[in-house]
1. Can you tell which of L148, L198, L206, L142 is farther than 30 Å from D123 by Cα, touching a strand residue (DSSP E or B) at 6+ places or on another chain (Cβ under 6 Å) and in contact (Cβ under 8 Å) with a residue 24 or more places away in the chain?
2. Tally time: how many residues in the stretch 68-87 are surrounded by fewer than 23 Cβ atoms within 10 Å (Cβ to Cβ) and either small (G, A, S) or over 23 Å from S165 (Cβ atoms) (or both)?
3. Does R469 meet the test of being of a type in the set (K, R) and in contact with a strand residue (DSSP E or B) (Cβ under 7 Å, 6 or more places away or on another chain)?
4. How do the pairs read when you match residues in the stretch 232-258 that are under 17 Å from R214 (Cα atoms) with residues anywhere that are among the hydroxyl-bearing types (S, T, Y) and at pLDDT 85 or above, using Cβ under 6 Å and keeping only pairs 6 or more apart or on different chains?
5. Look at I425 and say whether it is crowded, with 18+ Cβ neighbours inside 10 Å, at negative phi and not in a loop (DSSP other than H, G, I, E, B).
6. When only residues in the stretch 213-238 that are assigned to a loop (DSSP other than H, G, I, E, B) and small (G, A, S) count, which is surrounded by the fewest Cβ atoms within 10 Å (Cβ to Cβ)?
7. Please list, ordered by first then second residue, the pairs with beta carbon atoms under 9 Å, 6 or more apart or interchain, first in the stretch 500-516 and outside the structural domain of P547 (by TED's automatic domain parsing), second not charged (D, E, K, R).
Amino acid sequence: MGKRRRVAQRRSTRPAVIGSVIAAVVVGGGVGAYALYGGGAMADDTSATAAEARTKSVKTGPLSQAEVTGAATRFLTAWQAGRPAEAAAATTDATAARTLLSGYTKDAHLEHVTLTPGVRQGDKVPFTVKATVHHGTVSKPLTYSSALTVVRNETDGKPLVKWASAVVHPDLKDGDRLVTGEAGTPPVKALDREGGELTTKKYPSLAPVLDGLREKYGEKAGGTAGVELRVVRGEAAKKAELSDKTLLELSEGTPGTVKTTLSPALQAEAERQVAARKRASVVLLRPSTGEILAVANSSPGFNTAFQGSLAPGSTMKVITSSMLFEKKLASADKAHPCPKFFTYGGWKFQNDDKFEIKGGTFKASFARSCNTAFISQAPKLKDADLTQQAQQVFGLGMDNWAVGVPTFDGSVPVQSQAQMAASLIGQGGVRMNPLNMASVSATIQSGSFHQPYLVSPEVDGRTLATASRSLSAGTLAQVRDVMAYTAAYGTAAEAMAGVTGDVGAKTGSAEVDGQKKPNGWFTAYRGDLAAAGVVQAGGHGGSTAGPIVAALLKAAG
């Protein structure tokens, strides 16, 4: 019996220790817990039911120092000891906490974890994490700071750690995971058309493009993946457009090489041009082949130039004009109505500043960007006419471009009544980006659609998109005529001044709900070059996106 008592005594006095600070907190936390939950409430056998007694024992009000440090210690001690279920039970969401804490060792491969609390700040306790990340034959130390907050459980008054994934690591959002392993794909070394390396240091706006190249060609370019600890995003973070994040690189991968069509000189010029304006994007390509020579965004976090989905405004009139010419509903040099207003489908459409052109030609209406000249033809059109024109002639809206990186391929949905009429002038449901609109000008310049591409299809044998038909010689000549007239005498004239040779252009302004100024658009060609740009919330396209596009056309020589 004496021996058994001594064993029992040793067990009962053995502390859970993760450092002197935690050990001291355990003692204080234990005393506080006993006073609150073990012996602080006496049952009233004569006047209270069991339920009433439980209600009276629920503590409310501000947390004491002992409650905060006690709850923090229970959680940190169990986490450090590798007991995720016990640690999770000390939080407000045991299910979510257990899942993430279990993955801390199983998925993230974190070993020898040491958690050191800092000085309590009210209900908040900061702490430092030191651990070793181990995977295969490689390992590295990891140190970071985090914090937890203690709250009172509404049900029983018990102090618990308020659960959030950020408690485990500050870069985690709820639903995210920590994973250590081979980086998703091997790195790639991207080259320009002359063999020089493309880097974000040299070309900041290429960050999303380089990410896209790694995603597409990392495993095909001959590289090997490195090993890293990273945050793998959950659904909530993905909806917020957050990407996976590398926290620690254990070993570097070996990059493969992929060559692009980008021109180093023109890419540098594109970067300079968009840097001068907020929310500007531009694309320059070669009409005869579809090769993309430059792409830049002043906000490099998202590739609006390739993946944006914006109403293109009056630049859409290039496509609409080609359709009206084919259907004999307009002719470049013939009289065409341009009234102040035109009502269709219950909507009253008007021109900028409510102007009108009396006795003018369609060319004059195109050059001045008369909305009603196009809307007035809506009653003579079928709902699907514009959609078919965009798909069949310009290769848009088919979701089948194989550029080499992710792109949005434009959208011209079939619409009715007022929405169909609005689509004729690039509003309604029509959505484009600079890559799409540069391709539109390229199709007019070359006479047929050539799908734009950043990486030659010869690299991986992929099939480029095609259009089912081309414009007739007569229709093509008229579209080129009205675009050339606009570049020389219309709304694009100021921006295109000094751009010589075989040129054509179209401006656009797209209204956006809740935005004081419209998005400014501009698309143009010069010889075997075509470009388009947008400046969001910039105002009229001729004075915002126009100079950016014109500068690139000039720089190309």
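1. L198
2. Adding up the residues that qualify gives 4.
3. no
4. V258/Y217
5. For I425, the condition - crowded, with 18+ Cβ neighbours inside 10 Å, at negative phi and not in a loop (DSSP other than H, G, I, E, B) - is not met.
6. That would be G222.
7. none
Rundown of residues vs (1) of a type in the set (A, V, I, L, M, F, W, C); (2) touching a Gly at 6+ places or on another chain (Cβ under 9 Å), yes/no style:
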site	(1), (2)
F408	yes, yes
Q415	no, yes
L424	yes, no
N433	no, yes
G461	no, no
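The values are calculated or read from the model by the stated rules, or taken from the named source; none is laboratory data. All of these numbers come straight from a predicted model, not from anything done at the bench. Every residue, glycine among them, receives a Cβ derived from its backbone with ideal geometry; neighbour counts consider all protein chains shown.
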